[in-house]
Structure formats: structure tokens, C-alpha cells
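Novice: One structure, as C-alpha cells, below. Some questions next.
Just so you know, all these numbers are worked out from the coordinates, no wet-lab data involved. Since the structure is predicted, the reported quantities are computational estimates derived from the model, not experimental observations. Cβ placement follows ideal geometry from the backbone for every residue including glycine, while neighbour counts extend to all protein chains displayed.
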Amino acid sequence: MIEDAEQIGTAVASPTKDFFVRMLTRDIELQDALLDLLDNCVDGIVRTGPAKAGDPRPYEGFKATLTMDPEHFIIEDNCGGIPIEVAKKYAFAMGRPPAAGGDGHGATVGMYGIGMKRAIFKLGTEALVESRHDTGFVVEFTPDWMGDEKWDNLPMFGLSDDKLIDRGTRVEVYQLNDEVKSYFSDSAWIDDFRRTVARHYSLIIAKGFSVTIGSTEEFMRNIPPIVAAEFKLLQTISGEGSGNRIAPFVYAGKIGDVDVEIFAGLYRELLTEAEAEEEEETRGTSDDAGWTVACNDRVVIWKDKTRLTGWGEATVPNYHGQFIAITGIVLLRCDDPKKLPLTTTKRGIDAASNVYSEAKELMREATKNLTSFTNKWKKFPQKLEEIYQDSDYLDLPALRSLPSTLQMTTSRKIDGIKKFEPKYPEPEQEKTSARVSFVAMKSDVITLAKHFFDDTKVKPGVVGEAAFNQTLKVIKAGKK
Amino acid sequence: MSGASIPYHLRPHKSVDRRLFLDLLTRFERWRPLADYVYVSMGAYPLEDHKLVHRHLGITRLVAFDRDEGIVARQKFNKPIETCHCLHMKSDALISSLDNILTDCSFPNPAGIIIWLDYTDPRQIGQQIREFESLSDKLRAGDLIRITVNAQPHALLDPEAPGRTPLPATEKREKQFQNLKRRIGEFLPSESSPDDMTLEGLPLTISRSFGAAALKALPVTGRYTFCPLSIIRYADGEQMLSITGAVVAHDDKDALLERLDLKAWPFASPDWSDVHQLLVPALTIRERLFLERGIMNKLPTELVSELGFDAASDIPIEEFLKSYKSYYRFYPTLLTADI
């Protein structure tokens, strides 16, 4: 602390608006900025409280529509609106002032207080925010305000009584930035955004929330609301008395204050021999493998196959085509969103978070078991079909009910977590058989194919097996 | 019966589709001359399209390829000119080393490339769409891509064993949709559903999936975009979908469409959702000449009543006349000849 010297003036230390508008928006993609606006809708429902815990579809009846045109953007919801006092003091400030306190109103995902402003800056230079919770209001962002260096308070007006009667918020942005204009003119891009919402909002939509996205023209054609991307895992009933079967790995409990549920397993049958061969060459099947992570129902990581979710860490192999059937989901929930490993863009995860690194240990445990299972069967693909007999799929609500019905054991590693780790079927031949594979001249394979099957189109593997069996038979007969 | 097993000259739809492609290329010359382009296509054994682009557009830099050595040998015999290179190669290998291949064929730095990937196997739609994605990423402004893929809903399921009760339609469509989703899930339009697994819905779904793949290869904020020009479905046996489009700088897209005057061209598809149906019944020469004379000034109902029958090769004449008006100039006349 300087004590002796005389102060001769002050140096400007406040951020310039230009810095915020340019830098803040450069770090976020348009899709993520738009998802921020949607997050505000859902947080509105949670904050205003009608969504009851325990209700399987707490968001039923709530909806948001996003209209995207080269000239303007509108998002409108019926999710409760912004209370006038919150609007006056916090909602339009940059970041949440400490006086606003934590959210304290349930499991939201908004925590930094920049989502709406950042999205408006990303979209354009002129905007109207209308909202009605108690007293309806309109706040206007003008190009002059956006271009000005000063941080003047924004003007607030009364909202006419016929608007937003269902209590909700409507954000309209004009003077869109050039980049945004080109995105919104491209119907393929809009559809790509719908797919993003179908994934990142899959849990929220499955709980009844309705999101409709399209151009004005698409709305005139009555475009339907987005259908949630599904998450499901395969299970079979136990066969052959061994009790071994395909079933989800389940981990549930608390890490600190965060509720954790983890489900992992297979979402499809393992690759057949032919499929595996083709996958080596080029990716032919759509890839739904990988880990999904959701914080307070908002999916922040979708089907990840990197170190971020434990692939290629510790004893878990790196992801590759052979593991195409393995998938898992992590649900983290906490009434204080600051305790969740959320990042500001909400796509990706704060990997340094303690909660997440403990959860990741459990994820790796499941992945490791599932990769070993896949590896064991890789050698005996022809027996694979037997293990799927009487299989069915469990969707997320069915999976979430498992911890109350299964015999869960306590995790030694992490206090507060109970787990269920099923025993998967093992190929019996593993102990008695060996895999034979070799390369031969095509012309020779054809010669043998004609000899054994009178058909040159028979697969080389089948021809090889026939030749092997024939030789074996001759030798065994000779010995007798 | 798959298209590939029908003799080439008995596929009138494919023949007209190819002629329409040629007509589109002729129009494209309003934007850029094509004579110095390289033309790359599978071409099958007769190299029909290679012959056409050489004769009509004067293109001499020709490349044909096939995964089957026997077909390549036949291509070498049938090639229209010496500068047609016939390569034994799979499409993914061709795409991944396109530049090297052109150099090996002594066509380095051509004015542009026209490439036609004529796929047939419906089970490989996943690879096909990803190959299109990686090809789009390799091309420059002015290059043209044409893709043909199977768009027959039945082809998404393995044939049912003879004697078994067929699946109910809803169950069948559900299975078809699941198979399609498994193959190209990440590209599927967001609102697609099992209800789209119809002769009309599937081509539209596939076309829009190709649109999504094009967007992945050439993002909105990049320099180039893939502009669809013509999307057509037709069936000689199994239904096929052919998509033709050009890589163009974002800023030039409107100018390109205006120069080509595609509004006046009946098979134009400025959007991935504009899929045209091509109906080509096998007509006798007498029928064809009769229709050709009347098509421009008579109503379809009049023509049908004068013909005295309302369907040819299971295709309703009235329905077919709507599309015939747009392509009658390209209707193939096939004559039997003793040579």
C-alpha cells in the first residue's frame, strides 16, 4: 500500500463496451449463444417454481419458439418472465452483482449473468427485451448505445397489457451482424441447430419442454417442435444359468453436494465381422458411441470419445471403431449451480472440478469393463448372436428407476456412491479355441471356393474354414 | 431387380436423367466454359457419359474408374478417346488422392473438375454421404459434383425370407428408419421420422441429409458453399436419387443462379428440398411421335383420350405427361438393329 506519495489523479480501469461486445462474443459460437437464451427460458420455469420435483414431466406446457430470418431474430417463451425488480437491478447488468446472491431457487444452469447480453451482442446491434412476471416492461438496446463508450443504464418502458399475457419473455433482435445473417439464411444451418437442440436439450424436452425453431416461412408451414434425441441401453435376460447378461452399469449417490447418476452399457449390438472390417476402412455407420454429461438436465457434453470423458486414460484404451456400441450418460444435479462443473459456454466441462474427476473415475471403471467385453467377443463374432437373445432397450426414465430395484453395492473408492456392475457373458470358447486368420492369393481362394462350394462368391473366411476342416478330417481319419 | 443388373440400354430413366445432366452442363457453360475441365466418373463398362461430355462439350480430359478389374478392362476397350484414363480404384481412394491422380493422368491444374459418383449399394449410404462430404471439402469454386444413390425404401431392409408373413407397413417403416438412422444419423433432417420412409419421402430425406453433409464440409462462414442445381428421383427398377450441384464462392451464388437462369429450367433445384420426379414409360415410336407433336398445345386429358389408354408400363399417362413436357427432347429412341 502506498502511503507516503501524493495522489496526482486516476487511471481509467473500467472495461470499454467495445471490449465486451467484441471479446465476449468472440469466445462463443452462435449456437451456444442461442442455447444460452434457451437456458434462460428453462431457468425461468425453475426459478418461478411451478416445476415440482418428482414430477416426470415438470416442464409440460412450457414452450419457447425461435424465429430466425436474415432480417431479425425472435425468441419468445411462456416461462414465467422476469420480475420487474430483478430487471431493474440485475437482469441487464453485466454479470451477476454479489447483492443478487446465489440463485438459491433450485437447479438452474445460469450462473454468470451474462447469457442474454452476450447473445444479444453476438446477434446484432438493435434489440427489444419484453417480459412480464409481475409488471410488464420493455428494455431497448439501440445501435447508439451499442456503439457508445459509456455504460449508461438502459431505458425501460411499460409493456402494453395485451402482450405476453401468459407471463413470459420475448427478445427481438434487429440489425443482425453479417455472419448471423448468413447463418439464418441457410436452411441447412437452421436444421443443424435443431439437431444441436435435440441433443443438448434432450433431457429437458423429454421432461415436457417444447422448443420450436425455424424461419418465418417454416413457421407458416407449421413446423413441429423438436423431438429429443434419445438415450437407451440394451439389456438381456440372463442365459444358461450363469447369471451373466448384458445390462447397464449403474452408479448413483452423492459426491459432495452434487447428486450423481451414471449409466453405461451398449446402445446397439456389437459389430459383426463384416461390419468391423468395413469400419476399419471407412466410417459407415452413424456413431452414437461415447459419453454424454448433463448438469441440471442441460446436456453439456454429447457422445464424447476423448480423454475428456476418460477414454485413453489410466487403463482404458483409446476410442476406436470396435467400441462403436459403447455409450454412457452422467447426470449431475445440484440446487447450487456453482458446484457443478459448468463452463461459461455450457458446451464442455470444467475438467478440473473435483466432482467431475471423481465421477470420471466411475465412468472409466464402466468403460474399461465394456471394452474388455467387446475385446473378448471380437475373436468369436459368429457366436455373438446368441448373447442378444431376449434383449430389449431401457430408456432414461427406466434406467433412473434402476437404483431402487437393483442390488447395489457400496463403492470402496468413493463414499456416498452405490454401484451395480453386471457380469457380462463370456465366450466359452475363449479357453479352448484360437483364432486362425491368414492372407492367401485371391486366385487360390477362388480355386478352393469352387472345389468346396461350387460357387466363387463364397466369403474367403468360409472357404478357409472349409479347407481347414477338410484337412483336419483327413488327418484324424488317417490316425484311426 | 437392382438397376445395375438391367442392361444399360434398357434403362430409359437413367438415360433421360443423364441427358438432363448434360443439358444442365450446357447451361453451366453460361457461367464457365467446360472444355478445359476434367471429367471424372465411374461410367460402367460402356462409358456412355464420357462419350456424351466429349461429344457435346468437347471435354478431352476424361477419367473413368471402377472397383472391378474386369469392368476397367472393358472400359479401356470402350473408351471414346486416348486421353480417357481408366483406373482400377474405389471411390474413397479416388477422393482421398484426387490431386495426385489428376497429376498422374497428366491433367494437373485443370480449369475445373466435374465428378460423378454413381453409387448403387443402399447399405453403404453412410460411406457414400461421408465420401461426398470429404469430396466437397477438396474442390474449388466452379467444380461440379453429381451423386447418384439408391433411394428405395425397401432397399433399407434385408429381403424377407420367402414364405414368411410380410411385416406390417408401420413396423417395416420403423425398421427402415432405424437402419437409415444407424447409417447416416448425424446428417438426418431433425424432423425426419419413420413416416418419411416412402417413395416420395425417402429421396427428400436423403437429399436434405446430403445438404447437411455439404454444410459440414463447407460451413456458412467459409469462402465456398455447395449450391444444389438439380435433384431428380427416378426408377428403372429401384428408385435412385441424383443430385447435381456446384461449389461456388458464397458471394457468387446468386449471380451463378441468375446466369444459369435456372428458374426457366424445369428440373432446377435451388434448395435441397426441391426433388423432381422423372417418369419415363417405355413408349413405342408411334406413341412418342404422337405425343411429341401434341405435348405443347394440347391438354393431358385430350392426349389421353386420343391415345385411348391411360397407363403405360404401370405409369399413369396423365401424371407422366406433366414431366414429359419438360424432357421430351431427351427421350431416348431405341431401335433394334442388325449390324
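Novice: Could you work out the percent of alpha carbon pairs in segment B:285-330 separated by over 17 Å, rounded to a whole number?
Specialist: Pairs farther apart than 17 Å: 20 percent.
Novice: Going through the DSSP H helices of chain A, which span 24 Å or more along their own axis at the Cα atoms while scoring at least -0.5 as a mean Kyte-Doolittle hydropathy?
Specialist: Length and hydropathy pass: A:30-48, A:460-479.
Novice: Further question on the same structure: Which of the GluC sites (Glu not before Pro) found in segment A:162-233 are in a DSSP loop and have at most 13 neighbouring Cβ atoms, other than their own, within 10 Å?
Specialist: The qualifying sites are A:GLU230.
Novice: Let me ask something additional. Run lengths n ≥ 4 of DSSP H only: what is the helix-derived mean residue ellipticity at 222 nm for the protein assembly as shown, with -39500 (n - 2.57) per run over all residues, to the nearest 500?
Specialist: Numbers: 26 runs with 277 residues, N = 819.
Estimated from H runs of four or more residues: -10000 deg cm²/dmol.
Novice: Using per-residue counts of other Cβ atoms within 10 Å, averaged over each peptide, order B:130-140, A:341-351, B:293-303 from highest down.
Specialist: The peptides rank, most packed first, as B:130-140, A:341-351, B:293-303.
Novice: Please list the non-local residues whose amide H lies under 5 Å from the amide H of A:TRP311, H modeled 1.01 Å from N, same-chain partners needing a gap of 5 or more.
Specialist: A:THR306
Novice: Continuing with the same structure: Once you keep just the Cα pairs under 8 angstrom separated by 6 or more residues, what percentage relative contact order results for segment A:17-220?
Specialist: Once normalised by length, the contact order is 32 percent.
Novice: Now for a separate question. To one decimal place, what orientation-averaged projected area in nm² is obtained for the convex hull of the Cα set of segment A:142-192?
Specialist: Over every viewing direction, the Cα hull of segment A:142-192 projects on average to 6.1 nm².
Novice: While we're here: Along the charge dipole of the protein assembly as shown, Cβ charges K/R +1 and D/E -1, which of A:PRO248, B:SER134, A:ASN222 sits furthest on the positive end?
Specialist: Projecting each Cα onto the dipole axis, the largest value belongs to A:PRO248.
Novice: For a quick check: with amide H placed at 1.01 Å from N, whose amide H comes under 5 Å from A:PHE231's, ignoring anything fewer than 5 positions away on the same chain?
Specialist: A:LEU396
Novice: Shielding of B:183-194 by partners, i.e. mean partner chain Cβ atoms within 10 Å per residue? Working shown, then result.
Specialist: Details: counts 3, 3, 6, 7, 5, 3, 6, 15, 10, 2, 2, 0.
Mean partner shielding for this stretch: 5.
Novice: Here's a follow-up. Is there a quick way to get the dipole size of the protein assembly as shown? I mean about its Cα centre, with the Cβ of Lys and Arg at +1 and of Asp and Glu at -1; what is the value in debye to the nearest 20?
Specialist: For the protein assembly as shown, the charge dipole is close to 2400 debye.
Novice: Along the positive direction of the dipole of segment B:285-330 (beta-carbon charges: Lys, Arg +1; Asp, Glu -1; about the Cα centre), which of B:SER305, B:PHE320, B:GLY294 reaches farthest?
Specialist: After comparing all options, I get B:GLY294.
Novice: Once the Cα gyration tensor of segment B:1-117 is diagonalised, what are the square roots of 5 times its eigenvalues, in whole Å and ordered largest first, as equivalent ellipsoid semi-axes?
Specialist: Here the semi-axes work out to 21, 19, 12 Å.
Novice: Another question about this same structure. Which residue, B:PHE267, B:ILE232, B:ALA255, has the largest displacement toward the positive end of the dipole of segment B:164-286 when charges sit on each Cβ (Lys, Arg +1; Asp, Glu -1)?
Specialist: Positive-end residue among those listed: B:ILE232.
Novice: Using every Cα-Cα pair within segment B:71-114, state what percent have a distance larger than 17 Å.
Specialist: I get 39 percent for the Cα pairs in segment B:71-114 exceeding 17 Å.
Novice: Largest first, please: the extent of the C-alpha atoms of chain B along each principal axis, to the nearest Å.
Specialist: Reported extents, whole Å, longest axis first: 57, 48, 44.
Novice: Could you give P(r) for segment B:35-174, binned at 5 Å from zero, as whole percent values over all Cα-Cα pairs?
Specialist: 2, 9, 18, 19, 17, 11, 7, 6, 5, 4, 2, 0
Novice: In addition: For B:PHE65, which sequence-distant residues (separation of 5 or more, or a different chain) have an amide H within less than 5 Å of its own amide H, given hydrogens modelled in the peptide plane?
Specialist: Placed amide hydrogens put B:SER41, B:MET42, B:LEU87 under 5 Å from B:PHE65.
Novice: Between A:THR10 and A:GLN429, what FRET efficiency comes out of the Förster formula 1/(1 + (r/R0)^6) with R0 = 56 Å and r the beta carbon distance, rounded to 0.05?
Specialist: 0.10
Novice: Loop-only trypsin sites (Lys or Arg not before Pro) in segment A:133-218, please: DSSP not H, G, I, E or B, and at most 15 other Cβ atoms within 10 Å. Don't skip to the end; give the middle numbers.
Specialist: On the way: sites: A:LYS150, A:LYS163, A:ARG167, A:ARG170, A:LYS181, A:ARG194, A:ARG195, A:ARG199, A:LYS207; in loops: A:LYS150, A:LYS163, A:ARG167, A:LYS207.
Here the trypsin sites (Lys or Arg not before Pro) that fit, given the DSSP loop and packing criteria, are A:LYS150, A:LYS163.
Novice: Okay, next question. Just report the Cα centroid separation between segment A:441-478 and segment B:119-143, whole Å.
Specialist: Going from one Cα centre to the other spans 38 Å.
Novice: Follow-up question, since we're still on this one. For the residue pair A:ASP444 and B:ASP195, what label-to-label distance in nm results when each label sits 7 Å from Cα along the Cα-to-beta-carbon direction?
Specialist: 5.9
Novice: Could you run the Karplus curve 6.51 cos²θ - 1.76 cosθ + 1.60 with θ = phi - 60° over segment A:149-161 and give me ³J(HN,Hα) per residue in whole Hz, x for Gly and Pro?
Specialist: 6, 7, 9, 5, 5, 7, x, 10, 10, x, 9, 5, 4
Novice: On a full-extension model of 0.36 nm per residue, what is the gain between A:GLU29 and A:ALA477, subtracting their alpha-carbon distance, rounded to one decimal in nm?
Specialist: Answer, rounded to one decimal: 154.1 nm.
Novice: Please get the size of the charge dipole for chain B, origin at its Cα centre, with Cβ charges of +1 on Lys and Arg and -1 on Asp and Glu, quoted in debye to the nearest 20.
Specialist: I would put it at about 460 debye.
Novice: Straight-line reach from A:LYS442: which lysines fall under 24 Å, measuring Cα to Cα and dropping same-chain residues less than 8 apart?
Specialist: Excluding near neighbours in sequence, the set is A:LYS379, A:LYS450, A:LYS457, A:LYS459, B:LYS76, B:LYS90.
Novice: At R0 = 45 Å, how high is the FRET efficiency between A:ASP55 and B:SER97 if r is their beta carbon distance? Nearest 0.05 is fine.
Specialist: Values: r = 58 Å, r/R0 = 1.28.
Step by step, r from the Cβ atoms, then E = 0.20.
Novice: Also: Looking only at other chains, what is the average number of their beta-carbon atoms within 10 angstrom of each beta-carbon in A:191-200? Could the numbers behind the result be given before it?
Specialist: Details: counts 12, 10, 1, 3, 7, 1, 1, 2, 1, 0.
Mean shielding count: 4.
Novice: If you don't mind, another one. Starting from the Cα-Cα distance between B:LYS90 and B:ARG329, subtract it from 0.36 nm times their residue separation and give me the gain in nm to one decimal.
Specialist: Here the segment from B:LYS90 to B:ARG329 would lengthen by 82.6 nm.
Novice: Sticking with this structure for a sec: Summing +1 for each Lys or Arg and -1 for each Asp or Glu, what net charge is found among the other residues whose Cβ lies under 14 Å from the Cβ of A:TRP311? If you can, show how the numbers build up before the last one.
Specialist: On the way: positive: A:LYS303, A:LYS305, A:ARG307, A:LYS360, A:ARG364, A:LYS368; negative: A:ASP287, A:ASP304, A:GLU313, A:GLU361, A:GLU365.
Net local charge, A:TRP311 excluded: +1.
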